[in-house]
Amino acid sequence: MTDLRTLKKEARDSFSEQMGLTIGVTFVAGLLNGGGISFFNNNTINLFGNIPDSIMPIIIAAVAFLGLIGLALFIIGPAVRLGLNLYYIKLLKREEVTFSTLFQRFGYLGKALGLSLFITLFTVLWSFLLIIPGIIAAISYSMAPYIMAENPEIGIREAVNMSKSMMYGHKMDYFVLGLTFIGWCLLAIL
């Protein structure tokens, strides 16, 4: 087992070789995953009371349009994530990567959406028992999108089972690795 410092150094080295492209690919993937769209909250809806009736159809059309965009992003988002995972895998292996790598898994749109829904459903179901089983389930399933990105011909259950097998005995390592990025996550929120 590679120690965390070595693992992070290898990732940083491969990132630094393709920094500009990787930032661009990650940014576009974030937008295509719905990161650029925020839906109306209660404060926005309260503003509708002060808007003249003549403008209300425009606002309703805009909300409907954003809803359609949100639905489209919900559908294509998992395929984008598979493409992004494939990009990161190739980057780490120091294989040739291009911007188009992000879209190489769009042919598996249905399978990507199915995998995403499967993982979400079972993580939520495990979370009903308590938070800890939900976290353990999420960690157990965490490699399935990477496995499917690399081997798109396999089935959803097979990817999940391979992930559970891969993470057996390594859940705490993965959890600790995630904790080492808390500072970056807080910085990203700001």
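Relative to the longest principal axis of the Cα atoms of the chain, the long axis of helix 19-30 lies at roughly 50 degrees. Once the Cβ-Cβ distance of S127 and I182 is raised to the sixth power relative to R0 = 22 Å, the FRET efficiency obtained is 0.60. Here the Karplus relation 6.51 cos²θ - 1.76 cosθ + 1.60, evaluated at θ = phi - 60°, turns the backbone of region 151-167 into coupling constants of 10, x, 7, 6, x, 4, 4, 5, 4, 5, 5, 5, 5, 4, 5, 5, 8 Hz, with x for every Gly and Pro. Heavy-atom accessible surface of region 102-190, averaged per residue, reaches 63 Å², computed with a 1.4 Å probe.
Remark: the F118-E10 segment gains 35.8 nm on full extension, using 0.36 nm per residue and subtracting the alpha carbon distance. With respect to the chain, whose longest principal axis is taken over its alpha-carbon atoms, helix 4-17 is tilted by about 60°. Classify region 86-130 as rounded, prolate or oblate from the Cα gyration tensor: take a ≥ b ≥ c as the square roots of its eigenvalues, call it rounded if a/c is under 1.5, otherwise prolate when a/b beats b/c and oblate if not. Because a/c hits 1.5 or more and a/b fails to exceed b/c, region 86-130 counts as oblate. The ratio of the alpha-carbon radius of gyration of region 95-190 to the globular-protein estimate 2.2 N^0.38 Å is 1.21. Treating each Cα of the chain as an identical point scatterer and ignoring solvent, apply the Debye formula and state log10 I(q)/I(0) at q = 0.17, 0.18 Å⁻¹. Normalising to I(0) and taking log10 leaves -1.29, -1.39. Percent of accessible area on the chain owned by carbon and sulfur, 1.4 Å probe? Ligands and nucleic acids excluded, carbon and sulfur give 70 percent.
The angle separating the long axis of helix 131-141 from the principal Cα axis of greatest extent in the chain is about 70 degrees.
The values are calculated or read from the model by the stated rules, or taken from the named source; none is laboratory data. The structure presented is a predicted model; accordingly, all values stated were derived computationally and were not measured. Heads up, the Cβs are rebuilt from the backbone with ideal geometry, glycines too, and the neighbour counts pull from every protein chain shown. Quick note on the areas: whole protein, heavy atoms, side chains included, nothing else; ligands and nucleic acids left out. Shrake-Rupley method; radii C 1.70, N 1.55, O 1.52, S 1.80 Å.
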